[in-house]
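The values are calculated or read from the model by the stated rules, or taken from the named source; none is laboratory data. Since we're looking at a predicted model, the values are computed, not measured. Virtual Cβ from ideal backbone geometry, glycine too; neighbours counted across all protein chains shown. For the accessible areas, the whole protein counts, side chains as well, though only heavy atoms, and no ligand, DNA or RNA atoms are used. Shrake-Rupley method; radii C 1.70, N 1.55, O 1.52, S 1.80 Å.
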Amino acid sequence: MDKTIKGVGAVAGSVVSAMTTAAAGWLVYSKLFVNHNVTLPPALGADREHFGGGYAGMLHYYADRSGEGTPLLLVHAINAAASAYEMRPLFEHYRGQRPVYALELPGFGFSQRGDRPYTPRVFTNAIIGFLETQVEEPVDIVALSLSSEFAARAALERAQNVRSLALISPTGLGKDAHERQPDEGLHRFLSFPLWSQACFDLLTTRAIIRRYLSKSFYGEPDERMVDYSYKTSHQPGARYAPFAFVSGKLSSPDIRESVYEQLEQPVLVLYDQDPYTGFEALPGLLERHPNWQAKRIPPTRGLPHWEQPEQTFQALNEFWNESPSAS
């Protein structure tokens, strides 16, 4: 028995030693060999403009004003490698038909990144700042995933600036939405200076980015998106906002009751299957609020505008045409 215990102890010690060596090796590799200032091309082939977003910092957005009608604001999702590139199919389709804008939220894309607290309020205020300073009339908003919560809060607080909301795979409608609580311990661990950058580098290798994107596609993920995601996640200060997201600090457990259910504008939910969120609360929301409607876009896994663009465009056009308060 003693020999067995000693043998198990020796194996465990060897495993710990190997893991420690591997971790130390990755720290060195991250510091010496990973480029954290990769050249970042524009996410969209359009004019890129900026404005001061107060505490949110300098915010950038892409604009095509060649069309006429109600402006359309596109808001990308929140993840380790988010940017306006995620909204590219929508931007390219509607440019020329109406004024189209794609905002890059604080900590992402070309918008200011830095080591500061990131909260739902910061992202909501970024959208409000755009609505109040960069456009002169109410807009239709299309927001993706977690950013649906920020867009909805902005629409609630600045109802006069938002004509309608289209939410693609929105969070906050799953059966476990109330259980989403921030993990301060995880955030402190990820943010510890000694290994913070190395942890983020591990999360944003091309292989890991492709793996996570593949969960949002039925087929293979778009390789151009993989490439841009890698580049935008390898910028100075790129880790700070994603770490707030990974730690759950950007979710609002009461978003359905405090925001979604209070909206008066026409709201459209586009959804199907999504590995990162659920929609169990959607039927009840639709039943209680006639200004809400939903359209399932199959077969998709969170990015219908990439996998089923024509179905997505048709659903949006019908929504905007039929909604009395929308364009």
Considering region 39-71, residues that are among the aliphatic types (A, V, I, L, M) and either open to solvent by 30 Å² or more (accessible area, probe 1.4 Å) or in a helix (DSSP H, G or I) (or both), and then whichever is modelled with the lowest pLDDT, we arrive at A56
Restricting region 130-162 to residues that are assigned to a loop (DSSP other than H, G, I, E, B) and closer than 23 Å to R256 by Cβ, the one most open to solvent (accessible area, probe 1.4 Å) turns out to be R158
Only unsatisfied item for F192, checking (1) within 26 Å of Y29 (Cβ to Cβ); (2) touching a residue at least 40 places away in the same chain (Cβ under 8 Å); (3) loosely packed, with under 14 Cβ neighbours inside 10 Å, is (2)
Across region 72-105, the tally of residues that are open to solvent by 10 Å² or more (accessible area, probe 1.4 Å) and polar (S, T, N, Q) stands at 2
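So that you can scan it fast, the table gives a plain yes or no per residue for (1) in a loop (DSSP other than H, G, I, E, B); (2) more than 20 Å from R88 (Cβ to Cβ); (3) open to solvent by less than 40 Å² (accessible area, probe 1.4 Å):
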site: Q265; (1), (2), (3): yes, yes, yes
site: E287; (1), (2), (3): no, yes, no
site: P290; (1), (2), (3): yes, yes, no
site: P299; (1), (2), (3): yes, yes, no
site: G302; (1), (2), (3): yes, no, yes
site: E310; (1), (2), (3): no, no, no
In region 1-34, residues that are surrounded by 10 or more Cβ atoms within 10 Å (Cβ to Cβ) and modelled with pLDDT of 75 or more total 9
For region 196-251 the number of residues that are under 25 Å from G57 (Cα atoms), part of a helix (DSSP H, G or I), open to solvent by 10 Å² or more (accessible area, probe 1.4 Å) and among the charged types (D, E, K, R) is 1
Listed by first then second residue, the pairs whose first member lies in region 64-85 and is in contact (Cβ under 8 Å) with a residue 40 or more places away in the chain and closer than 25 Å to L40 by Cα, whose partner is open to solvent by 10 Å² or more (accessible area, probe 1.4 Å) and of a type in the set (V, I, T), with beta carbons under 7 Å and at least 6 positions apart or on separate chains, are A81/I209
Considering region 312-327, residues that are part of a helix (DSSP H, G or I) and touching a Pro at 6+ places or on another chain (Cβ under 8 Å), and then whichever is surrounded by the most Cβ atoms within 10 Å (Cβ to Cβ), we arrive at T312
